[in-house]
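Structure first, commentary second.
The values are calculated or read from the model by the stated rules, or taken from the named source; none is laboratory data. Bear in mind the structure is a predicted one, so any value in this text is a computation, not a measurement. All Cβ positions, glycine included, derive from the backbone under ideal geometry; neighbour counts span all protein chains shown.
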Amino acid sequence: MAEGSVLYRAGGTLVLCTASIDTFVPKWMEGKGAGWVTAEYQMHPRSNPVRRERRDGREKPLGGRTREIERLIGRALRSAVDLKQLGERSVVVDCDVLEADGGTRTASITGGFIALCLALGTLRERKQLEKRVLRDQVAAVSVGHVDGHLALDLCYAEDSTARVDLNVVATARGGIVEIQGTAEGEAVPRAEIDKMVDLALKGVTDLCDVQRRALAEANVDLDKLIITE
């Protein structure tokens with residue numbers, strides 16, 4: 001098993017992201033010559049001002065919101081990985097929110113990618129991974145229309161009052177992986193949404209620079225993991 005962990009902070013949100021890589025895949029993936037990447041997400045009991053129940057076998061089944069966030073994180077990270085090049089390995093990225101102030105899912109994706117690369121770097125150090133397995137970097141950020149202005153990386157107070165807010169997942173090259181968005185009340189003109197997406201893509205570019213610097217400080221050469229044509 002290879003493992004990589006990072007404490008990732010985005011504004012007032014702090015997420016512990018840990019990637020674990022094992023040499024097996026889910027049964028439905030066996031024999032296909034490809035790997036799998038998935039995620040688990042949970043909030044620490046005191047990540048909010050009021051304590052919440054810990055997620056374990058004693059509490060109610062996993063909530064719909066949590067499951068939806070896990071699936072989003074998994075989809076985002078899989079978009080960055082060539083599963084054939086990964087081979088029959090499973091990657092699980094655990095995202096544990098220690099402090100929550102909006103943007104926990106976008107922070108989990110951005111930090112989760114760093115953790116993934118740290119774990120892949122460990123495999124390369126051990127000479128257990130010779131192939132390049134990443135298509136591109138992936139990061140995510142929220143953007144909103146707040147008090148008549150566009151705002152990037154919304155805190156909870158901004159998110160709760162935004163006329164419309166989007167979560168944008170994209171790559172370093174500007175490819176869009178996923179956009180989640182909802183208007184509160186009056187519909188928003190297409191031109192405003194386009195401006196929000198443009199701002200989010202600039203934010204993703206900045207976040208990809210942060211990812212590169214963090215990995216370089218950990219002696220992981222991202223360019224040796226990214227597939228070149």
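Taken over the stretch 189-201, residues that are touching a residue at least 24 places away in the same chain (Cβ under 8 Å) and either surrounded by fewer than 18 Cβ atoms within 10 Å (Cβ to Cβ) or of a type outside the set (Gly, Ala, Ser) (or both) amount to 7. Within the stretch 206-214, not a single residue is part of a strand (DSSP E or B) and more than 16 Å from the chain's Cα centre (by Cα). Among the residues of the stretch 215-229, those identified as in a helix (DSSP H, G or I) and either of a type in the set (Lys, Arg) or crowded, with 17+ Cβ neighbours inside 10 Å (or both) are Leu215, Leu222, Lys224. Inside the stretch 74-120, can you point out the residues that are among the charged types (D, E, K, R), touching a strand residue (DSSP E or B) at 6+ places or on another chain (Cβ under 8 Å) and part of a helix (DSSP H, G or I)? Scanning the stretch 74-120 gives Arg75, Arg78, Arg105.
Contact annotation: no residue pair with Cβ atoms under 6 Å, 6 or more positions apart or on different chains, pairs a residue in the stretch 23-40 that is at pLDDT below 90 with a partner that is assigned to a strand (DSSP E or B) and surrounded by fewer than 16 Cβ atoms within 10 Å (Cβ to Cβ).
All but one of (1) of a type outside the set (Val, Ile, Thr); (2) within 22 Å of the chain's Cα centre (by Cα); (3) at pLDDT below 95; (4) closer than 30 Å to Gly33 by Cβ hold for Leu134; state the number of the condition that does not hold. Unmet for Leu134, out of (1) of a type outside the set (Val, Ile, Thr); (2) within 22 Å of the chain's Cα centre (by Cα); (3) at pLDDT below 95; (4) closer than 30 Å to Gly33 by Cβ: (3).
Filtered by the rule that a residue be over 17 Å from the mean Cα position of the chain (by Cα) and in a helix (DSSP H, G or I), the stretch 174-201 gives Arg190, Ala191, Glu192, Ile193, Asp194, Lys195, Met196, Val197, Asp198, Leu199.
Determine whether Leu150 is in contact with a strand residue (DSSP E or B) (Cβ under 7 Å, 6 or more places away or on another chain), surrounded by fewer than 21 Cβ atoms within 10 Å (Cβ to Cβ), among the hydrophobic types (A, V, I, L, M, F, W, C) and not in a helix (DSSP H, G or I). So Leu150 passes the test. Residues that are surrounded by fewer than 21 Cβ atoms within 10 Å (Cβ to Cβ), in contact with a helix residue (DSSP H, G or I) (Cβ under 6 Å, 6 or more places away or on another chain) and either at positive phi or not in a strand (DSSP E or B) (or both) within the stretch 125-147 comprise just one, Lys131. Checked across the stretch 154-170, the condition of being in a loop (DSSP other than H, G, I, E, B), touching a residue at least 12 places away in the same chain (Cβ under 8 Å) and closer than 30 Å to Ile21 by Cα holds for no residue.
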